[in-house]
Amino acid sequence: MGVGKSVIRVDSVEKVTGRSKYVEDIYMSGMLHAYVFRSPVSHGVIKRLDVEKAKECEGIHGIFTWKDVPGKNIIHVIYDDQIFLAKDRVLYQGQPIAVIAAKTPEKAREAAKLIEIEIEKQTPLVDFEQSKGSDIKIYGDDNVFCSFKVKRGDIKEAIKNEDLIKVEDTYYTQHQEHAYLEPQGAIVYWENDTLTIRGSMQAPFYVQQALTEVLNMKKSRIRVIQQTTGGAFGGKEDVPNIVCAQAAICAYHLKVPVRMVYERDEDMMTMSKRHPGRTKISLYCDKNGFFKAIKGEYLENAGAFSTLTPAVLYRGTVHLTGPYNIDNVDVIGEAVATNTVPNGAYRGFGSPQVIFAMESIIDTMAKKLNMDPVRLREINLLKPGEKTCTGQIVDDSMGMQEVFKKCVKESDYFKRKEEIEKYNEENEFYKRGLGVSTLYYGVGLGAAGKHMSRCAAVVKIDGDGSMTVSVGITEMGQGLRTVAAQMTAEAFGVDEDLVVVSEIDTSRIMDTGPTVASRGTITAGWGIVQATGRIKKRIHKFLEKKYKERFEDVHYRDGKVYFGKNEMDFHELIDLCTSEKVRLHETALDMPPECTFDDNGQGEAYFVYAWAMNVVETKVNLLTGEVDIIKAHCCHDVGKAVNPREVKGQIMGGSLQGLGYGLMENMQLSSSGSLLTRNFSTYTIPTSCDYPEFIPLIVESEYSKGPYGAKGFAEQPLMGMAPALTNSIRDACDIHLKNIPATPERVYKLLMEEK
Amino acid sequence: MKIEFRLNGKDVSCDVPENYTLLRMIREVFGLTGTKKGCDQGECGACTVLMDKKAVTSCTVLAPVVNGKDIITIEGIEKDGKMHIIQEKMVEAGAVQCGFCTPGMVMSAYALFIQDKHFTREDIKKAIAGNLCRCTGYEFIIDGIEKALESRGK
Ligand code: FES
Ligand code: FES
């Protein structure tokens, strides 16, 4: 019971028995199915659109185009460039043009075939390296959505020093598909004259805002409830704005329930992905291996619309230089448009791309210096009191050093290195290797998203001592409801059984921003600590009045309450408070610590950081290029592990997504921008036969301002796995992968070149 | 067409279009929504049920094939309102995150459980290789299944 214990997840029984209701499990009487008619081409001008014939089909209740949008024909995210239903031009294959509402999904699909459309094809811009300044215009004058820079020290002066050793390279990373097991979906219906949306999502308040604009309705008339959500990983941050708007426009006009659940291929083809990236780094160090200067250029392929790109690019730019002490920094990040599906949030949010580059180039430097990669990292890692690339002093909850020590020790790195060397001498066709990565993660939205950064909770205790908690943070599988229950239970020294964490509903709780950026635990936690604290204060005062005595402390433990010389059962106390009308209901709203970021990219970019190190062992088959991942030690400083078992679950699940990214997940696009990998047989993700022996390691350097010392970390497990993997391949057989994934073809090709 | 089969221990019959899949039939005709649809193409395993004691992806079985068969879904393995030991052990092991793969995982494990054989950890891995899970990294799922299988004393 309480914080720090591996209690059973509150939602696991419901899920393991199949009783949880996901969107597709809801059936309403008279419910219609929505289906989207999409652009067949990647770039073109719509000359004619006629839905009349399709409308006449049996079972079709309505077909809606841009003409039927009552408000703005825009899906709001950050910039307002994303068109809801295409009017005159289309910018990627799969861009929505019309929404069909029908009795069955089959009928909708048949009707879609009868929609008449003429599109004048235009040359698509697919190669993002050609985007900036291209004659093909997608966004503004130059196709650049946004840029950021981080400048620290004096790079020009620093690199004049001719004794410095320099390494330089360019790295490429591909799209990554979230592959949440539950596809996108929503059901929309009218209730109490309010348009009610139940959807699979991370950010109900985004959806509410987007629909307010599309439908030109008051916010209070749009009620968004998060339905049980089958995985998200960033893929259900802003994208549900689109999905919900599609179902909502049908329900708005037809006044009947409309459900919309994407098929897998439709989902893969049209929903957001991780941005492909190109990262160029020049790293300079002195002859002892101390990093002296770094130049970085990060280019992101945003796709056809900006969606969350500005925020994604911010995080990528700030994280490029890693958790190292480097005085002279010059990093620029830029995101450009292409005629491909818009990319968005995905666990790590723009950082896995640059971490792959940085962690790879450090190994190049180690080679050049003839130093072990772990030693090179060790001497450059940030220590408490030192500054990040944005000039931010890191001293609170700064667990980097401890993470490093623990991971090196537990992985027995140096001893295994020797064993592997021996193995490699004895084996001709198989080579083993050890690779590492060290990284950090700015928790929360940071300076780029500070306008959305709030935390809130509503706590209510009923007369029987049971409690209901509402927070603005969603449960998408990461365990938020359990953690929220634990923190509430901890406050009153009772069992989690007494706590129900209610579903998130925009009509019940205030907007506390999206559930992203590993901010769930800390954001919900702050609200809960504050709300429960206020209730406790009120009870304290009441007890003093009642007993006519001052109590130093009212202490809650194991279902009992202690004050002065008195002891009372928790239930008895609540019963007493209720009968004497003590208010046991509290709403807390608070602001997290301030973040800043000036024109040179200097400031408190995030209020706190998480720290990590990975050690990955692989075995490479020199004859085929196949790579086996054998073991992975993944060590994370999480502040406080509110539920250690769930923390381990996050570490292993996230790490496997990272290994998939590095090893096999290979999204393919045709030269005209058409997405070719549209299902799980062509876009393969790791199965139970692909995962290595995981050793998840937890470090707890408590965050002084965090709830019970917690911070956040759930994206971090993914972020450094790709370079740890490719570094271990490099250690095994001396090939330098500058592109991922490390498919057998790619590895084999490099092996041949090496010969 | 009319189909008769056994569903979770009871004889049932229904009239469905021939192109319905078993998945669609159990969800839409019988209202058993515990079986999930993750891909509808036989690639994710979320829709796994037992057909004549073998694990199958119900999205790739057409309704006519089901005639005369014995089908068990996630709703059919609890007894007297008590979870099956596989479910209990998976919950304890922390095998559930978003839960969308979970019913399918449980059914793949159940197909092992009812066999009178010993299974190693490697066997378990192979048995659930067709059940994708994007959340957990599999380790805790396999821990849970292993514990449940051990409880049979084999
Ligand atoms: S839904 Fe049947 S295998 Fe995916
Ligand atoms: S728990 Fe989410 S897919 Fe397995």
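The values are calculated or read from the model by the stated rules, or taken from the named source; none is laboratory data. A quick note: this is a predicted structure, and the numbers were derived from the prediction, not measured. Here the Cβ is made from the backbone with ideal geometry for all residues, glycine too, and neighbour counts use every protein chain on show.
For the range B:6-14, the criterion of a residue being away from every other protein chain (no Cβ under 13 Å) and buried (at least 20 other Cβ atoms within 10 Å of the Cβ) is satisfied by at least one position.
Just one of the listed residues (A:Arg416, A:Arg377) is modelled with pLDDT of 95 or more and surrounded by fewer than 24 Cβ atoms within 10 Å (Cβ to Cβ), and it is A:Arg416. Out of the residues in the range A:180-227 that are among the small types (Gly, Ala, Ser) and either part of a helix (DSSP H, G or I) or surrounded by fewer than 24 Cβ atoms within 10 Å (Cβ to Cβ) (or both), which is nearest to the other protein chains (Cβ to nearest Cβ)? Selected residue: A:Ala210. Under the condition of being in contact with a Lys or Arg (Cβ under 6 Å, 6 or more places away or on another chain), facing another protein chain (nearest Cβ under 9 Å) and not polar (S, T, N, Q), the residues counted in the range B:77-102 number 4.
Would you check if A:Val494 is more than 31 Å from the chain's Cα centre (by Cα) and buried (at least 24 other Cβ atoms within 10 Å of the Cβ)? Judged against the criteria, A:Val494 is a match. Only one of A:Gly199, A:Gly185 is within 16 Å of ligand 1 (Cβ to nearest atom) and touching a strand residue (DSSP E or B) at 6+ places or on another chain (Cβ under 8 Å). Can you tell me which? A:Gly185 is the lone residue from the list that is within 16 Å of ligand 1 (Cβ to nearest atom) and touching a strand residue (DSSP E or B) at 6+ places or on another chain (Cβ under 8 Å). Note on the range B:126-135: among residues that are within 15 Å of ligand 2 (Cβ to nearest atom) and not hydrophobic (A, V, I, L, M, F, W, C), the one that is nearest to A:Arg347 (Cα to Cα) is B:Arg134. Against the list (1) closer than 21 Å to A:His451 by Cβ; (2) touching a residue at least 24 places away in the same chain (Cβ under 8 Å), the condition A:Trp611 fails is (1). If the condition is being of a type in the set (Ser, Thr, Tyr) and out of contact with any Pro (no Cβ under 7 Å at 6 or more places or on another chain), then the range A:201-219 contributes only A:Thr212. Considering only residues in the range B:111-132 that are touching a strand residue (DSSP E or B) at 6+ places or on another chain (Cβ under 8 Å) and within 12 Å of chain A (Cβ to nearest Cβ), the one that is surrounded by the most Cβ atoms within 10 Å (Cβ to Cβ) turns out to be B:Asn131. Might you let me know whether the range B:28-48 holds any residue that is part of a helix (DSSP H, G or I) and either away from chain A (no Cβ under 14 Å) or acidic (Asp, Glu) (or both)? There is at least one residue in the range B:28-48 that is part of a helix (DSSP H, G or I) and either away from chain A (no Cβ under 14 Å) or acidic (Asp, Glu) (or both). Within the range B:89-105, the set of residues being away from ligand 1 (no atom under 15 Å from the Cβ) and either within 9 Å of the chain's Cα centre (by Cα) or surrounded by fewer than 24 Cβ atoms within 10 Å (Cβ to Cβ) (or both) comprises B:Lys89, B:Val91, B:Glu92, B:Ala93.
Residue-wise test of (1) in the same structural domain as A:Ile740 (by TED's automatic domain parsing); (2) within 18 Å of the chain's Cα centre (by Cα); (3) not polar (S, T, N, Q).
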position	(1), (2), (3)
A:Leu215	no, no, yes
A:Arg221	no, no, yes
A:Gln227	no, no, no
A:Gly234	no, yes, yes
A:Val239	no, yes, yes
A:Cys244	no, no, yes
A:Ala247	no, no, yes
A:Cys250	no, no, yes
A:Pro257	no, no, yes
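Could you list, in sequence order, all residues of the range A:702-755 that are among the aromatic types (Phe, Trp, Tyr) and either crowded, with 20+ Cβ neighbours inside 10 Å or out of contact with any Ser or Thr (no Cβ under 7 Å at 6 or more places or on another chain) (or both)? Listed by number, the residues that qualify are A:Tyr703, A:Tyr708, A:Phe713. Condition test on B:Lys37, is it within 11 Å of ligand 1 (Cβ to nearest atom) and either at pLDDT 95 or above or crowded, with 23+ Cβ neighbours inside 10 Å (or both)? So B:Lys37 passes the test. Filtering the range B:73-88 to residues that are within 16 Å of ligand 1 (Cβ to nearest atom) and touching a Leu at 6+ places or on another chain (Cβ under 7 Å) leaves only B:Thr73. For the range B:49-70, a residue qualifies if it is under 16 Å from B:Lys36 (Cβ atoms) and either more than 14 Å from every other protein chain (Cβ to nearest Cβ) or more than 15 Å from ligand 1 (Cβ to nearest atom) (or both), and the qualifying residues are B:Val56, B:Val61. Checking each residue in the range A:594-626 for being closer than 30 Å to A:Gly433 by Cα and among the β-branched types (Val, Ile, Thr) picks out A:Val615, A:Val616, A:Thr618, A:Val620, A:Thr624.
Of all the criteria given as (1) of a type in the set (S, T, N, Q); (2) under 30 Å from A:Glu402 (Cα atoms); (3) assigned to a loop (DSSP other than H, G, I, E, B), the one not satisfied by A:Thr474 is (2). Take B:Tyr138 and tell me if it is more than 14 Å from ligand 2 (Cβ to nearest atom) and aromatic (Phe, Trp, Tyr). No; evaluated as a whole, the condition is false for this residue. Restricting to the range A:6-39, name every residue that is among the basic types (Lys, Arg) and either free of Cβ contacts under 8 Å to residues at least 40 places away in the same chain or facing another protein chain (nearest Cβ under 8 Å) (or both). Once the filter is applied, which keeps residues that are among the basic types (Lys, Arg) and either free of Cβ contacts under 8 Å to residues at least 40 places away in the same chain or facing another protein chain (nearest Cβ under 8 Å) (or both), the range A:6-39 yields A:Arg9, A:Lys15, A:Arg19, A:Lys21.
Taken together, the residues in the range A:559-571 that are more than 41 Å from the chain's Cα centre (by Cα) and of a type in the set (A, V, I, L, M, F, W, C) amount to 2. Listed by first and then second residue, the pairs linking a residue in the range B:93-107 that is under 15 Å from B:Thr33 (Cα atoms) to a residue that is near ligand 2 (Cβ under 6 Å from one of its atoms) and of a type in the set (D, E, K, R), with Cβ atoms under 9 Å apart and 6 or more places separating them unless they lie on different chains, are B:Phe100/B:Arg134; B:Cys101/B:Arg134. Of all residues in the range B:21-72, those being small (Gly, Ala, Ser), in contact with a helix residue (DSSP H, G or I) (Cβ under 6 Å, 6 or more places away or on another chain) and within 16 Å of ligand 2 (Cβ to nearest atom) number 3. With a requirement of 1 or more residues that are under 24 Å from the mean Cα position of the chain (by Cα) and at pLDDT 95 or above, the strands (runs of 3 or more DSSP E) lying completely within the range A:572-686 that satisfy it span A:609-621, A:627-637.
Summed over the range A:35-85, the residues that are farther than 30 Å from A:Cys146 by Cβ and of a type outside the set (S, T, N, Q) give a count of 23.
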